[in-house]
Number of protein chains: 2
Amino acid sequence: MADTAHLTPLVHPPRDEMTVEAVLRALADPVRLEIVRQLAAADTEVACGVLEVPVTKSTVTHHLGILRQAGVVAGRQEGTTRYNSLRRNDLDALFPGLLDGVLAARH
Amino acid sequence: MADTAHLTPLVHPPRDEMTVEAVLRALADPVRLEIVRQLAAADTEVACGVLEVPVTKSTVTHHLGILRQAGVVAGRQEGTTRYNSLRRNDLDALFPGLLDGVLAARH
DNA sequence: CGACAATTTCGACGGACGTCGTACAATGAG
DNA sequence: CTCATTGTACGACGTCCGTCGAAATTGTCG
């Protein structure tokens with residue numbers, strides 16, 4: 001059986017516990033913003049290792065944790081790989097236009 | 001005559017120099033977010049002293065500087081008072097929906 | 001079983017950031 | 001002129017945050 005007692009239980013805040021402050025703080029880092037852009041471009045689940053950002057994997061894990069706790073991304077564990085996806089529906093429902101506005105910016 | 005040589009020249013980035021990263025970083029602080037909310041609610045120019053935030057005036061000055069350098073607010077000097085206003089047009093043009101999405105959040 | 005691959009966790013370090021108090025400049029009123 | 005008002009500039013302090021490397025866990029494949 002899978003012994004995952006040592007792993008963070010993959011906490012995802014429900015929609016009504018998401019705050020705009022946490023979301024903004026999550027998006028306010030260049031690396032995390034790039035992660036969000038790649039997730040938005042992929043339009044599907046993406047494994048951590050596929051993300052192309054100029055930091056170490058442990059740092060990616062850290063950033064994904066912040067994005068997940070803010071409710072920006074959802075994570076699904078499968079074997080040794082963890083698949084991440086954008087919580088577009090929840091974000092659009094709570095802060096309509098926010099994500100689209102961010103993604104519309106030139107870069 | 002007005003001797004304003006010692007004052008920061010009230011730099012406002014033109015629309016094409018505004019970045020979504022700077023805007024997000026500016027909005028990612030609770031005090032600054034509250035300032036933006038009050039400016040949006042007022043829908044007119046607001047003097048620094050009128051803003052109701054739980055920090056010192058010098059801190060308010062600091063936050064307004066960050067908001068201004070990010071292109072979120074515009075400042076106009078008149079006598080000893082400085083009037084601040086939201087740069088709604090520029091924000092909506094560059095990041096359509098962003099500001100509205102932020103302001104739509106419950107708080 | 002043993003080696004390897006995919007990620008996380010932990011501890012540590014350095015820099016960035018929010019906050020304040022004080023001093024200072026400019027304006028307007030008495 | 002004098003003084004109160006409005007706001008900025010500067011320096012300092014403590015804390016949060018992004019970053020890394022090394023170690024550990026889990027699953028997969030010979």
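Couple of notes before you dig in:
- All conditions in (1) under 15 Å from the mean Cα position of the chain (by Cα); (2) within 14 Å of chain B (Cβ to nearest Cβ) hold for A:ALA104, with the sole exception of (1).
- Within the stretch B:58-101, if we keep just the residues that are under 11 Å from the mean Cα position of the chain (by Cα) and among the polar types (S, T, N, Q), the residue that is nearest to the other protein chains (Cβ to nearest Cβ) turns out to be B:GLN69.
- Residue-level check: of (1) away from chain B (no Cβ under 11 Å); (2) under 12 Å from the mean Cα position of the chain (by Cα); (3) within 27 Å of B:HIS107 (Cβ to Cβ), A:VAL36 misses just (1).
- Annotation note: of B:ALA104, B:ALA47, the sole residue that is free of Cβ contacts under 8 Å to residues at least 60 places away in the same chain and touching a Pro at 6+ places or on another chain (Cβ under 7 Å) is B:ALA104.
Yes/no per residue for (1) more than 21 Å from A:ASP92 (Cα to Cα); (2) away from chain A (no Cβ under 14 Å):
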position	(1), (2)
B:ARG15	yes, no
B:LEU24	no, no
B:THR44	yes, yes
B:PRO54	yes, yes
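- Qualifying residue in the stretch B:78-96 (condition: under 19 Å from A:LEU24 (Cβ atoms) and among the β-branched types (Val, Ile, Thr)): no
Laboratory data are not the source of any read-out in this text; all were calculated from the coordinates shown. Small disclaimer: the values here were computed from a predicted structure and weren't measured. Here Cβ is always computed from backbone atoms with ideal geometry, including for glycine, and neighbour counts include all displayed protein chains.
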